[in-house]
1. Have a look at Pro294, Pro239 and point out the one that is part of a helix (DSSP H, G or I), within 29 Å of the chain's Cα centre (by Cα) and not assigned by TED's automatic domain parsing to the domain that holds Ile136.
2. Specify which of the listed residues (Ile227, Ile161) is under 22 Å from the mean Cα position of the chain (by Cα), in a helix (DSSP H, G or I) and either at pLDDT 95 or above or hydrophobic (A, V, I, L, M, F, W, C) (or both).
3. Inside region 258-283, can you point out the residues that are assigned to a helix (DSSP H, G or I) and under 17 Å from Val298 (Cβ atoms)?
4. Taking region 49-73 on its own, how many of its residues are at pLDDT 90 or above and part of a loop (DSSP other than H, G, I, E, B)?
5. Among the numbered conditions (1) more than 20 Å from Arg156 (Cα to Cα); (2) surrounded by fewer than 21 Cβ atoms within 10 Å (Cβ to Cβ); (3) modelled with pLDDT under 95, tell me where Phe202 comes up short.
6. Do you know which of the residues in region 89-111 that are crowded, with 20+ Cβ neighbours inside 10 Å and either assigned by TED's automatic domain parsing to the domain that holds Ile302 or touching a Lys or Arg at 6+ places or on another chain (Cβ under 7 Å) (or both) is nearest to Thr47 (Cα to Cα)?
7. Of the numbered conditions (1) farther than 28 Å from Ser138 by Cβ; (2) buried (at least 19 other Cβ atoms within 10 Å of the Cβ); (3) in contact with a Phe, Trp or Tyr (Cβ under 8 Å, 6 or more places away or on another chain), Tyr245 fails exactly one; give the number of that condition.
8. How many residues, within region 45-81, are over 19 Å from Gln120 (Cα atoms) and touching a strand residue (DSSP E or B) at 6+ places or on another chain (Cβ under 8 Å)?
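The values are calculated or read from the model by the stated rules, or taken from the named source; none is laboratory data. Everything quoted here is computed from the prediction, not taken from an experiment. With ideal geometry, Cβ positions are generated from the backbone for all residues, glycine too; neighbour counts draw on all protein chains shown.
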Amino acid sequence: MSTDNRKKYRSGFLFKVFIYSIAFVILSGAFVGYILWNKIFAPNVTTGYMEYKDIHINTGSDMIGVFDLLEENDLIINRSTLEWLAIKKNYNNNIKAGRYRLREGMNNNELINMLRSGNQVPVNLVFINHRNIEEIASVVSRQIEADSALLAGLARDHDFIESLGFDSVTIPALFIPNTYEFYWNTSAKQFYRRMKNEYEKFWNEERENNRKLLGLDRIEVITLASIVNEETVKTEEMPVIAGVYLNRLDRGMRLQADPTIKYTIGDFTVNRILKIHLDIDSPYNTYKYAGLPPGPIVIPSIQAIDAVLNAREHEYIYFCAREDFSGYHRFAKTLSEHNRNARLYHNALNKRRVFR
């Protein structure tokens, strides 16, 4: 082979080697790129037949615990790729508690970014006019992370509730029943402080003006509302009943409110108040002591509070449940008229053999 031919052969061989090397690098890069893409961007979340599923990551959780939670709930397809990316993105040092919404087909990058940033879904926390703090604590603890025992215990923490402007007797007035948006990982103290903010918002200019016209402070309004709340389920009657109690207060009469007796004996199911009940010595016994009781006997509804603030003006001093058990009441201006109404109701109870 001539010298020129050898040179041509060698050049061609080197060119082929170069081309093959370039092709190998490109193919290797494409393969590695595909693997990386698959680890980062391939769908890795499955929610079954549901559009989404929520998970709750507890305060103090570590990365392994979070991934165990995802795996136990069958929410991830490939745990190893998720862990690989989580470490790359330093998620193990950025774990945030909360309620997170996982959607079908999310990839590892989307999932880790959501969890690492704390981009959680808020909770619509709902509570109504419950009997006491313990009931509130039980209901609330089922909707946020805070423990019911801790929530209830804070109501007995003198220094803490004093910092909110309440005491152990008046603290139920803090809670205005409604629907509130919370983050799931809200602590017990954060919950109380949020309720304090909502309480201040509730007392807007109109309510404050109405309160001042009545000559009552906020606690007194809510305390009276708690009695009205227990007297009737008919919201249209609430302002009338509130007017009766305000008339009694104005005249210096005892309220003689049966719900306060039920509160005193600890039984709201009682239908008949007996003399033995009226003899109980308690500041909540409004048959024995004049004026409002020391604090709310229940956590009243907004309707009951507004009924007090917008009480109907009338001359009624008495009221009694109707004998048809409709839930409505008969109102009276005189004691003799009231006694007639009371006899009708008591006779109806006797016919139904209701003796307590």
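1. Only one candidate passes the filter, namely Pro239.
2. Exactly one residue qualifies, and that residue is Ile161.
3. Asp258, Pro259, Thr260, Ile261, Lys262, Tyr263, Thr264, Ile265, listed by residue number.
4. Residues in region 49-73 being at pLDDT 90 or above and part of a loop (DSSP other than H, G, I, E, B): 8 in total.
5. Just one mismatch for Phe202, condition (3).
6. Only one residue tops the list, namely Leu102.
7. Failed condition: (3).
8. 1
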